[in-house]
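Just so it is clear, none of the values below were taken in a lab; they were calculated from the coordinates. Bear in mind the structure is a predicted one, so any value in this text is a computation, not a measurement. Here the Cβ is made from the backbone with ideal geometry for all residues, glycine too, and neighbour counts use every protein chain on show.
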Amino acid sequence: MFILSGCYNNKMIHSSGKNEIVYSLPLPRGFKRLESADYHGRKLVKFNYPDSSCVFITDKNGYVADFMSLKYGDGIYVFVATEDTVNINGLYKNKYWREIKKNNVIYGYSNVSEDRRAEFDMVINNMNIRYPEKKK
């Protein structure tokens, strides 16, 4: 038996045109949900925490965490023309980040301290993505 103490299961539906994606993930409490789009029109959902850590989800290829574009420039994108899953992670200014590209969805976390890394890894590892039948 596995119990997620102090966590919140968040389920959201994202629709773009005729395609629908359903996300479900066990988020720690205390987040502020923000939705935005970049200047290319890529939609992004962020769950920001008071300590500046965040979980993000987008269904648009080309999204990168803000700190990565600051460090590497606008030319750095997580774009892989494959159906394979890509999982990258690292450390930037003593904070951890992780991005996963799975099919057409990119999700991950950024700005996470060492003491919360396992908690955020659990969120990402337990993320569920479904693609219901396409609308006609």
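Residues T58, T85, ranked from the fewest to the most other C-beta atoms within 10 Å, line up as T85, T58.
Summary of packing: across the peptides 108-115, 21-28, 86-93, 125-132, the per-residue average of other C-beta atoms within 10 Å ranks them, highest first, as 108-115, 21-28, 125-132, 86-93.
Phi-derived couplings, Karplus 6.51 cos²θ - 1.76 cosθ + 1.60 at θ = phi - 60°, listed residue by residue for the range 22-27: 10, 10, 9, 8, x, 8 Hz, with x used for Gly and Pro.
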